[in-house]
Amino acid sequence: MMLALVLSVSLMACQDSGLRGDAAAAASCFRQIINTSADSAEIAGAYAGLGNYAAASDWYRKALNTDADDLAARLGWARLFASVHQRGDAETLFREVLERDPDNFAAQLGLARLYARSFDTAAGTLVETLLDRRPESPGPLLLKAEMQIELGQHEAASGLLQRLLAQADLALADRLDALALRASIAELNGAADNPWLDTIMEINPDNGQVYATAAYFYIITRRYREAVALLEQAVSRDPELWQAHSDLGLNLLRVNRLADARRHLETAYRGDPYNPVTVNTLRLLDTLEGFEAVAGERLIVRAEADEARALVPFVQSMAARAAAEMAPRYDYQFTRPMIVELYQHHDDFAVRTAGLPGIGILGATFGDVVVMDGPGAKSIYEGFDWSSALWHEMAHVVTLNATDNLVARWFSEGISVFEEWRFGPAMRTSLPLNFLEAWQDGRLLPVADLDEGFIRPTYEGQVMVSYVQSGLICQLISEQYPGGLSRMLKVYRDGGDSQAAIRRGLAVEPAQLDESLRHYLQQHWGAVGAGLEAFAELQDAAQAALQEEDWAQSLEQARLAVQLYPGYVEPGSPYVTAVRAAAELGDSEQQLRLSRAYFAAGGRHPAVLSELAGKTTGEEQLAVLNAQALALPLQIGLREQLARALLDADQPAAAAEQYRAVLSLEPHDRAAAHYQLATALNATGNRADARQQVLLALEIAPRYPEALSLLVELQQ
Amino acid sequence: MSRAGWRSTLLLPLLLAGCAGACASTRVLIVTGLAGEAGYESKFATESDGFAEAFAAADGQITQLTGSAAQRESVQNTLTAIADELSAEDRLIFIYVGHGSYDGRDFRFNLPGPDMTAADLAGWLETVPALQLLIITSSASGAALETLKHERRALMTATRSGDQNNVTVFAGYLLEALHNPGADIDKDDRLSLTEAFDFAAAGVAEHYAQRRLMATEHPQLDSPPGTFMLTDLEPPPQDPALTALIRQRDAVEADIAVLKTRKADMTPDAYFNQLQQHLLELALLQKRLDEAEVLP
């Protein structure tokens, strides 16, 4: 959307020349104002029109130094800050205007725009307030239409825009914005004709902004390939659309076109060095150059060099399972390699995802490209199970590609959550307590509105609640409507919305599905829901007793809590308390029983698993060690333990993989790691590689007796 | 002892290399400071006993001062007695387990009764003629480094400065190094001071990294050349035939060391083939040494 930088009639006239494609006339007009105007704010606006933001800022400051109550100058300065990505300063200035004039319409509109860009629900409330005051005002109408398009409410948005375009005295900038939004709706709906686009082109054949506007809606609905195509058109028509270059760069990264991305980001930086997304993403590209890429036919893994080889065996195994088991569940087949990028630093992941640090999510999928925090960024100690998260993201690759990115957010998330629960590495269905509370309080959204729980949450924790609700709906569909998930994906792929997907895929009305969910929850979680308060009290009591080292009391309370909610293995699970208390009491039988139940429910607390691995044998022990190594894949000791167990279980090839991972993690005792790898390779019959590894061991430690023996054996 | 048996008896021969008759003797003094809380009392006792057990198995003469016996005066008296017993060829290993603190001037060992300072200890150790190894596993122990630095003394501390004043985990990892064959990087059945320290320091770093905690201790090793290294504690063989075998083995190892310096100039095949030849020769020599049940 165009950000109006100008206020006066003269400035608007200059701007209109630019909007009609006559950049020279616009520049000349702005310069004329600079040379002749006595109004500092107007001069500032003219500098802003010329793209000289530093001078514009100086003149706004000068205007306010002269008259602190010059609201037009303060508003202009606020808009200038908004246009150069300084949201905080813009908000401060808008608020300063409102302190002086609480009903200032333009300041409220400015704030609403800022809120809308950060998906703050306050935007909607503010827009409605503004429209109550001035129902036909273009600014709030445009903003409301934009928000409606974001939510897929195309018909409602079209109605608003029609009303706006019917206004005879509509300013050119507003007209172009309205036409661009209307053209975007046509584009999103795949309309063969786009008369709104034609009108814009009649006004200015070099208008690139309309393409950038439409691209924005593709981006927020994760249709990155379509967004890239439009942004390429945008910058080809108007090479000075720096924001479009930046957006193009970011989205080229999402479709794995790294070199093209850098080119456009560098162009964006030359034109607009203030854009933090551009700067951060360029820095990230430098970081990515230090990544190691491990490429296969079906999978490319990119990670920091010291992690890549340690994680690859796990990622490869999951990718193979996704292709063989997950994709067929949804009638999908991988046709291109999946790309998995794992970040050691959360801020790098955040920049990769959104161009800015500080986002709350831990993983994201762009078509074939999965980017996420790796186990080096966040660990199981912090409640982050990276392998379950990876399985979740792999499911997005399936659902996004199976629908050409047309799947609704809630449904894609729902399938991913369901996949985690039913088929993921941990296979746990541990509903978080805030979901159960939201359900008990009647705060779950109808399925038809479930996307709003992700895009514009209205209470704290609603995004997480929406994830779980979506997962439960998909689980219900998989159980009660065989083939229903795949049929719904097909409806999305053919352009249907969620209501159509439910009606055609399941042959029920959305409201009936909501009703089914209510029954399903009651049937499976009713007892847990009813005992939620008691569960929380027991959990607290068990924890308090543990602190006081009253082990018997702690065990008793924790066991009662486990009985109330046996599937709860989230951080703070009463299983962990009970296991610890049983261990302190020396009750190893109870400790083992509880540990087994916890592990079977998908619990992955390292201390519990470590004890369990020590108390089990054979296949059971191998399963625990595998889960431990997967949960903490960068812990050398765990990988070594797993490798040894695999060798004992006569799985030397798998053991060799683990030993290779150990070596990549730079162990203290490299000679031993090379030797162990050699023994595993020798056991697979690969004597040549075994010789190489044993020589590497002996190169470090020539007297290493076991390695010398193996070398002699290999020589014979 | 046969080489195959070293995993069970690892540590002690490595550190103290038992030596009868005219060999230099080694005295070990382990001081356990005040715990303050029950949790720390058990931690410090476990660590102190761990060190005592490790060194006792190698015929080390151990003195453990714990509880009320670990007062400043007791430490001074014990060191005075030790000073009279040891000569310049002998060795003293002093280990402190407990809390430590730094007031900006002195490092303090937190003992029952008046604290002992690093300066106190440095003064008493002046009278001990033996080579010395000091292991201070407490918080803030880095503050003792400068005061205790000496040309005949190796120093190991849990922290790099007096500002690192949280309870440390270093002692646990050092004990692990003493028992874990993986600490012996070059697999020569001898644990050098550096090998033990590197293993423990890596363990400390991983401890904090895995828990996503800011590391509040950075272990330090000050081991001046010419002072005793644990690897130097090995007794020379008495049998001339064995001495000859060991010389041959040393010569092959020297050849390997030279070959390694030429690695970058050789093709991988040529390098590894030559390396293999040397190693097979070494294997043969080692077999003969093992058959003679010698642990060189």
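The values are calculated or read from the model by the stated rules, or taken from the named source; none is laboratory data. Everything numeric here is computed off the predicted structure, so don't read it as measured data. So basically every Cβ, Gly included, is an ideal-geometry build from the backbone, and we count neighbours across all protein chains shown.
Structure values in brief
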read-out	value
Some residue of the range A:157-176 being under 28 Å from the mean Cα position of the chain (by Cα) and either at pLDDT 95 or above or of a type outside the set (Lys, Arg) (or both)	yes
Residue satisfying condition, being modelled with pLDDT of 95 or more, over 13 Å from the mean Cα position of the chain (by Cα), away from chain A (no Cβ under 14 Å) and not in a strand (DSSP E or B), within set B:Ala171, B:Ala144	B:Ala144
Failed item in (1) in a strand (DSSP E or B); (2) buried (at least 21 other Cβ atoms within 10 Å of the Cβ), with B:Ser101 passing the rest	(2)
Test result for A:Leu612, touching a Lys or Arg at 6+ places or on another chain (Cβ under 8 Å) and buried (at least 19 other Cβ atoms within 10 Å of the Cβ)	yes
Selection status of A:Gly505, closer than 30 Å to A:His154 by Cα and in a loop (DSSP other than H, G, I, E, B)	no
Residue in the range A:623-633 that is more than 27 Å from A:Ala534 (Cα to Cα), in contact with a helix residue (DSSP H, G or I) (Cβ under 7 Å, 6 or more places away or on another chain), in a loop (DSSP other than H, G, I, E, B) and in contact (Cβ under 8 Å) with a residue 60 or more places away in the chain present	yes
Residue that is farthest from the other protein chains (Cβ to nearest Cβ), among those in the range B:206-217 that are assigned to a helix (DSSP H, G or I) and without any contact (Cβ under 8 Å) to a residue 12 or more places away in the chain	B:Tyr208
Contacts under 7 angstrom Cβ, first residue in the range B:147-168 being in the same structural domain as B:Ser223 (by TED's automatic domain parsing) and free of Cβ contacts under 8 Å to residues at least 40 places away in the same chain, partner part of a strand (DSSP E or B) and buried (at least 16 other Cβ atoms within 10 Å of the Cβ), 6 or more apart	B:Leu148/B:Leu134; B:Leu148/B:Leu155
Condition check for A:Leu546: hydrophobic (A, V, I, L, M, F, W, C), touching a Lys or Arg at 6+ places or on another chain (Cβ under 8 Å) and over 25 Å from A:Phe423 (Cα atoms)	yes
Which listed residue, of A:Glu240, A:Glu187, A:Glu226, is not small (Gly, Ala, Ser) and not assigned by TED's automatic domain parsing to the domain that holds A:Ser137	A:Glu240
Filter result for A:Leu513 (touching a residue at least 40 places away in the same chain (Cβ under 8 Å) and under 33 Å from the mean Cα position of the chain (by Cα))	yes
Contacts under 7 angstrom Cβ, first residue in the range A:442-457 being in contact (Cβ under 8 Å) with a residue 40 or more places away in the chain, partner assigned to a loop (DSSP other than H, G, I, E, B) and of a type in the set (Phe, Trp, Tyr), 6 or more apart	A:Ile455/A:Phe119; A:Arg456/A:Phe119
Selection status of A:Gln641, surrounded by 23 or more Cβ atoms within 10 Å (Cβ to Cβ), more than 9 Å from chain B (Cβ to nearest Cβ) and assigned to a helix (DSSP H, G or I)	no
Candidate set from the range A:570-618 (those that are part of a helix (DSSP H, G or I) and among the acidic types (Asp, Glu)); member that is nearest to A:Gln635 (Cα to Cα)	A:Glu611
2 or more residues of a type in the set (Phe, Trp, Tyr) and in contact with a helix residue (DSSP H, G or I) (Cβ under 8 Å, 6 or more places away or on another chain): qualifying helices (runs of 4 or more DSSP H) within the range A:426-501	A:433-440
Matching residues, the range A:190-210, being surrounded by 12 or more Cβ atoms within 10 Å (Cβ to Cβ) and either in contact (Cβ under 8 Å) with a residue 60 or more places away in the chain or farther than 20 Å from A:Leu164 by Cα (or both)	A:Ala191, A:Ile203, A:Asn204, A:Asp206, A:Asn207, A:Gly208, A:Gln209
Qualifying residue in the range A:215-227 (condition: in a helix (DSSP H, G or I) and touching a strand residue (DSSP E or B) at 6+ places or on another chain (Cβ under 6 Å))	yes
Pick from the range B:175-199, criterion assigned to a loop (DSSP other than H, G, I, E, B) and in contact with a Lys or Arg (Cβ under 6 Å, 6 or more places away or on another chain), ranking: modelled with the lowest pLDDT	B:Asp188
Test set (1) at the interface with another protein chain (Cβ under 10 Å from one of its Cβ atoms); (2) closer than 22 Å to B:Pro268 by Cβ; (3) buried (at least 24 other Cβ atoms within 10 Å of the Cβ) - A:Glu699 fails condition number	(3)
Condition broken by A:Gly567, with the remaining ones in (1) surrounded by fewer than 23 Cβ atoms within 10 Å (Cβ to Cβ); (2) touching a Leu at 6+ places or on another chain (Cβ under 8 Å); (3) part of a helix (DSSP H, G or I); (4) not hydrophobic (A, V, I, L, M, F, W, C) satisfied	(3)
Residue count for the range B:176-200, restricted to those that are among the hydrophobic types (A, V, I, L, M, F, W, C) and facing chain A (nearest Cβ under 7 Å)	2
Test: residue in the range A:651-668 that is at pLDDT 95 or above, facing another protein chain (nearest Cβ under 9 Å) and surrounded by 19 or more Cβ atoms within 10 Å (Cβ to Cβ)	no
Which listed residue, of A:Glu393, A:Glu419, A:Glu413, is touching a strand residue (DSSP E or B) at 6+ places or on another chain (Cβ under 6 Å), over 21 Å from A:Asp306 (Cβ atoms) and of a type in the set (Asp, Glu)	A:Glu393
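So that you can scan it fast, the table gives a plain yes or no per residue for (1) of a type in the set (Phe, Trp, Tyr); (2) touching a Lys or Arg at 6+ places or on another chain (Cβ under 8 Å):
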| site | (1), (2) |
| --- | --- |
| A:Val371 | no, yes |
| A:Gly376 | no, no |
| A:Ala402 | no, yes |
| A:Arg422 | no, no |
| A:Gly442 | no, no |
| A:Arg456 | no, no |
| A:Tyr459 | yes, yes |
| A:Val468 | no, no |
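Rundown of residues vs (1) small (Gly, Ala, Ser); (2) in contact with a Gly (Cβ under 7 Å, 6 or more places away or on another chain); (3) free of Cβ contacts under 8 Å to residues at least 24 places away in the same chain; (4) not assigned by TED's automatic domain parsing to the domain that holds A:Ala212, yes/no style:
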position	(1), (2), (3), (4)
A:Gly271	yes, no, no, yes
A:Gly290	yes, no, yes, yes
A:Met326	no, no, no, yes
A:Ile339	no, no, no, yes
A:Val351	no, no, no, yes
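Quick grid of which residues meet (1) free of Cβ contacts under 8 Å to residues at least 24 places away in the same chain; (2) within 46 Å of the chain's Cα centre (by Cα); (3) within 7 Å of another protein chain (Cβ to nearest Cβ):
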residue	(1), (2), (3)
A:Ala672	no, yes, yes
A:Gly685	yes, yes, no
A:Ala690	no, yes, no
A:Val694	yes, yes, no
A:Leu708	yes, no, yes
